[in-house]
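Presented below is the structure to which this report refers.
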Amino acid sequence: MTTALVRAAGDLAREMAGLDLRGRIRLVEDRIPGRLVFTTSLGIEDQALTHALALNKGRTEIVTLDTGRLFPETYDVWTETEAAYGIRIRAYAPERTAEEDFVAREGINGFRHSVAARQACCGFRKVEPLGRALEGATAWFTGLRAGQSANRADTPLAEADEGRGLIKVNPLADWTRADVDAFVRENFIPYNTLHDRGFPSIGCAPCTRAVKIGEDERAGRWWWEQESKKECGLHLHRPESDVAPGQEAAAFEEPAGAAAAREHRRELV
């Protein structure tokens, strides 16, 4: 099965290369039987994909992972997108007990204690719900682009996800950020207003900041960690619980005056 899956993904990628976005989606829907799923983060690349999928009126399900820690602007564009295209985007949420146990053990923002804690947080908020979202799927659409970060530079148009037993389809893999921006602008596609405020990549609110001039697109994600392979675990081919080399915990910089404020509170108690 693995060899066949790899071969099928390679053949699909070669055929996708000469097609436009909607053509790429049609090809996948024509070639791959079974359940097809697109997981949208509601970021700008995923909005482009949602637009194409909605216009095609095909059979791919559009779902999202509602981590419970998203920006208000993300919920706003979610609502706007459903209204614009007359669709419902199904949400997959964290398992309640796992979330409660993590917060009780680590604290509400305990993911900043270490890379392992952050990966555990991503694990129950994103990776486990993704597993449920992709249950029984034969193909998984994503908005990954090769230009998003060095870690994603080799992203193909289609690849075998042997761990999940499906074909992972990245129809925007060879697009630039300028291509995406132009497509969204020309087609009047709803997008997250945080993109206008220096957020090229948007995840959970506590784990995302605006990027500085000269930084890559994903530099604002988990910015307190080392730069090597900063990922949440959705798009890695290793167990999400492993701490990758170079990902040992780095010191988190507290806001100015935080330590003094803590001491003052202790004195009051």
Handout entry: residue 83 being small (Gly, Ala, Ser), without any contact (Cβ under 8 Å) to a residue 40 or more places away in the chain, farther than 22 Å from residue 207 by Cβ and exposed (fewer than 14 other Cβ atoms within 10 Å of the Cβ)
Key = yes
Practice task
Output the number of the condition that residue 17 fails; it satisfies all remaining conditions of (1) among the aliphatic types (A, V, I, L, M); (2) open to solvent by less than 40 Å² (accessible area, probe 1.4 Å); (3) under 16 Å from residue 168 (Cα atoms).
Solution key: (2)
Problem - Considering residues of segment 166-180 that are touching a helix residue (DSSP H, G or I) at 6+ places or on another chain (Cβ under 7 Å) and over 14 Å from residue 38 (Cβ atoms) only, the residue surrounded by the fewest Cβ atoms within 10 Å (Cβ to Cβ) - result: 176
Practice task
Determine, yes or no, whether residue 149 is open to solvent by less than 30 Å² (accessible area, probe 1.4 Å) and of a type in the set (Ser, Thr, Tyr).
Solution key: yes
Problem - Scan of segment 94-138 for residues that are open to solvent by 30 Å² or more (accessible area, probe 1.4 Å), out of contact with any strand residue (DSSP E or B) (no Cβ under 6 Å at 6 or more places or on another chain), within 17 Å of residue 64 (Cα to Cα) and not in a helix (DSSP H, G or I), ordered by number - result: 95, 135
Practice task
With the condition kept exactly as written, say whether any residue in segment 127-141 is touching a residue at least 40 places away in the same chain (Cβ under 8 Å), out of contact with any Cys (no Cβ under 6 Å at 6 or more places or on another chain) and on the phi > 0 side of the Ramachandran plot.
Solution key: yes
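The values are calculated or read from the model by the stated rules, or taken from the named source; none is laboratory data. Computed from a prediction, not measured in an experiment: that's the story for all the values here. Cβ coordinates were reconstructed from backbone atoms using ideal geometry, including for glycine residues, and neighbour counts include every protein chain displayed. Areas reflect the complete protein model, heavy atoms only, side chains present, ligands, DNA and RNA absent. Shrake-Rupley method; radii C 1.70, N 1.55, O 1.52, S 1.80 Å.
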